[in-house]
Amino acid sequence: MTNEFDHIHYSPIRNYQYERWFREVQYNGKELNEDEKKEFLQMVNETISIHLEGLPVLKESLEQIKDLHDEFHEAYRVVISVSQFAIITMIDSMVISKYFILADKDYDKRFMRGKMKVILNEGFKKLYGFEEKTHQKSEWNRLVPILRLFPENVQNQYKHLSSSLEEHSKSSSWWKYERDLETHLDAEKLYASRCEDVIESKVMLESLKLFRTLRAVNFFLINMFACIRNFIVSKYRCGELKEN
């Protein structure tokens, strides 16, 4: 009988050009026309659909290893968990962007803009953090203890990405003021914030800042998954792992 591992090959560790996802895109004053909005919404729906496919797989993987607590499976669990966070947050940022564009009532659009700022701020805070306290609790920092189990090129990619994330954390306030207003419900200040002019294309550019950052992180996690896959295939081929 042929084992399923017989048909599994090693996965490449890719040298992604991560820095392109961190380039700041400045608002140029151009407004979105109806065709551009339709094109954007189509792209958003396709992006959401693609990323949603991965969530059940990650959940199933966690279920399969829930009783395994050796070093390898603990590391695998961390990579899966961080990947879940990255994918869900990417999807959420796309969904709120979608409904911001679709909103056809003025207050609805202002409301969606405010809630988008909450995701932008909280998403990056959870991903990387803004100071030592939030960084220590971040998803990105959870990867540090397991990095020694991965090859040098992956460790170097982590360092490279960390530098970009650190610069990004200092690049702006990440809409902390708006996030505080939206979550603490200071009515007077919140209303003033909601009354600010809505410039759709500018808001959409802002929303992409978190998505692009998470996409870079997701590509890095794909490399980590490739290393895990290669480890399993290697163990099987040298006879240290048997298929159940």
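The values are calculated or read from the model by the stated rules, or taken from the named source; none is laboratory data. Nothing here was measured: the structure is a model prediction, and the numbers come from that model. With ideal geometry, Cβ positions are generated from the backbone for all residues, glycine too; neighbour counts draw on all protein chains shown. Quick note on the areas: whole protein, heavy atoms, side chains included, nothing else; ligands and nucleic acids left out. Shrake-Rupley method; radii C 1.70, N 1.55, O 1.52, S 1.80 Å.
Computed quantities for the displayed model
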| quantity | calculated |
| --- | --- |
| Charged-residue dipole, Cβ positions (Lys, Arg, Asp, Glu), the chain about Cα centre, Debye nearest 20 | 380 |
| Among Tyr18, Tyr128, Tyr177, residue whose mean-square fluctuation peaks in a GNM of the chain (springs only between Cα atoms under 10 Å) | Tyr177 |
| Alpha-carbon Debye profile of the stretch 72-181, log10 I(q)/I(0) at 0.13 Å⁻¹ | -0.59 |
| Given Lys59/Lys105; Lys30/Lys176; Lys98/Lys126; Lys30/Lys133, the pairs whose alpha carbons are separated by over 30 Å | Lys59/Lys105; Lys30/Lys133 |
| Solvent exposure of the chain as accessible area per residue, Å², 1.4 Å probe | 58 |
| Among Ser11, Ser164, Ser83, residue whose mean-square fluctuation peaks in a GNM of the chain (springs only between Cα atoms under 10 Å) | Ser11 |
| Residue among Phe22, Ala103, Leu62 farthest towards the positive dipole end of the stretch 1-116, charges placed on Cβ | Ala103 |
| DSSP loop GluC sites (Glu not before Pro) with at most 15 other Cβ within 10 Å: longest gap in the chain | 54-130 |
| Trypsin sites (Lys or Arg not before Pro) lying in DSSP loop within the stretch 137-244, provided at most 15 other Cβ fall within 10 Å | Lys137, Lys170, Lys242 |
| GNM top mover of Gly129, Gly54, Gly29 - the chain, alpha-carbon springs below 10 Å | Gly29 |
| Principal axis dimensions, the stretch 1-140 - Cα atoms, whole angstrom, descending | 61, 43, 29 |
| Rule-of-thumb Rg ratio for the chain [Cα; 2.2 N^0.38 Å; N residues] | 1.16 |
